[in-house]
1. Testing Lys87 on (1) in a loop (DSSP other than H, G, I, E, B); (2) surrounded by 14 or more Cβ atoms within 10 Å (Cβ to Cβ); (3) of a type outside the set (Gly, Ala, Ser), one condition comes back false. Which one is that?
2. Is it true that Arg21 is out of contact with any Cys (no Cβ under 8 Å at 6 or more places or on another chain) and over 19 Å from His233 (Cβ atoms)?
3. State which residue pairs qualify: first residue over 14 Å from Gln26 (Cα atoms) and modelled with pLDDT of 95 or more and inside segment 51-68, second residue acidic (Asp, Glu) and assigned to a loop (DSSP other than H, G, I, E, B) in any location, beta carbons under 7 Å apart, and separation of 6 or more residues or different chains.
4. So which residues in segment 1-35 are surrounded by fewer than 23 Cβ atoms within 10 Å (Cβ to Cβ), of a type in the set (A, V, I, L, M, F, W, C) and in a loop (DSSP other than H, G, I, E, B)?
5. Take the residues of segment 36-50 that are hydrophobic (A, V, I, L, M, F, W, C) and without any contact (Cβ under 8 Å) to a residue 60 or more places away in the chain: which is surrounded by the fewest Cβ atoms within 10 Å (Cβ to Cβ)?
6. Note down all Cβ pairs under 8 Å where the first residue falls in segment 114-130 and is over 14 Å from Tyr92 (Cβ atoms), the second is at pLDDT 95 or above and surrounded by fewer than 14 Cβ atoms within 10 Å (Cβ to Cβ), and they're at least six residues apart or on different chains.
7. Can you go through Thr253, Thr289 and tell me which one is hydroxyl-bearing (Ser, Thr, Tyr) and touching an Asp or Glu at 6+ places or on another chain (Cβ under 9 Å)?
8. Just to be sure I understand the filter: pairs with C-beta atoms under 9 Å, separated by 6 or more residues or on different chains, first member in segment 292-306 and within 17 Å of Glu234 (Cα to Cα), second member modelled with pLDDT under 95. Which pairs pass?
Amino acid sequence: MPSDFSITIIGSNSALAAQGRFPTAQYISFKSKHFLIDCGEGTQFRMNDFKVPKAHIEKIFISHLHGDHFYGLIGLLTSYSLSNRIKPIEIYTPKGLREIIELQSMYSDAHFTYEIIYKETQALSNEVLFEDESICISSFPLKHRIPTTGFLFQEKVTERKLIKEKINSFDLSVDEIIQLKNQQNVVRNDGTILSVEEFTHPITKARSYAYCSDTAYFEEIIPIIKNVDLLYHETTFDKNLVALAQKTNHSTTLEAARIASLAEVKQLMIGHFSSRYKHSEMLMDECKTIFDNTIIAIEGETFYID
């Protein structure tokens, strides 16, 4: 049975749509929640190609205001209106995007059938953007030419699940059930101790996904992404183009792999490839010399976090 936490790659290239790849966009599905990270040119068409349920998206996260990360947004938002969307949508974005969208819609006489709620992010420190009983989504600073943030999706596990057979066998009261779920042993009036370990299933490890869009090599992110299950890290250039990576504030294969290794993540996914590379396998092979568990962000593929 597939996991209920997944990432579908919509676009994996850098500035140019080339080599059969499109600019950056990812669709995140977590239980009953649906998110979009970045929205490069062509995003909505690729979502159609890959049968991504775009109408279900509730929140959009834009990492920064370089065109290859948001030029597809006005088209997507307009398409929602043409489909008579009424459900509001939240856009987490650096300062400036609201003015861009409003200017575009004003001069094109576009009218939205739903509310767009803009929530401005800042790229100077970590920030919790959204939190409920099941997930916490936060942003953190990256090192790029303009204000840029990464995003961290962390599952929340707050209580243990009771072993159903034990409820009737021991005639557990409501108060006792609540205690056990909150990881508290129950001491009955006769001195009997009902231990958490005996009456509940082990807590499953909370899952996590970190998204690092455009960034130079930046060790400051290591404590933030430490031990995540899956790390997406931009890998614009191969190991021989260190000077170009430094000039443009991007990362090479070996730099992304080094971050993954130092952060002790479970798996590294690389993307944001320069259009100079016809095949991305050679970039993956370079990463594997430092971090073996490296995979490619292949457009149309869905990656599950178990």
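1. (2)
2. Numbers: out of contact with any Cys (no Cβ under 8 Å at 6 or more places or on another chain): yes; over 19 Å from His233 (Cβ atoms): no.
No; evaluated as a whole, the condition is false for this residue.
3. Matching pairs, first to second residue: His64/Asp214; His66/Asp214.
4. Met1, Ala15, Leu16, Ala17
5. First pass over segment 36-50, keeping only residues hydrophobic (A, V, I, L, M, F, W, C): 36-37, 39, 45, 47, 50.
Retained after the next criterion (residues that are without any contact (Cβ under 8 Å) to a residue 60 or more places away in the chain): 36, 39, 45, 47.
Details: Leu36: 25, Cys39: 30, Phe45: 15, Met47: 24.
It comes out as Phe45.
6. Close Cβ pairs satisfying both conditions: Tyr114/Ile86; Tyr114/Lys87; Tyr114/Pro88; Glu115/Pro88.
7. Numbers: Thr289 fails: touching an Asp or Glu at 6+ places or on another chain (Cβ under 9 Å).
Matching residue, one of Thr253, Thr289: Thr253.
8. Close Cβ pairs satisfying both conditions: Glu299/Gly20.
The values are calculated or read from the model by the stated rules, or taken from the named source; none is laboratory data. What you see is a predicted model; the values in this text were computed from it and never measured. Neighbour counts are summed over all protein chains in view; Cβ atoms, including those assigned to glycine, are modelled from backbone coordinates with ideal geometry.
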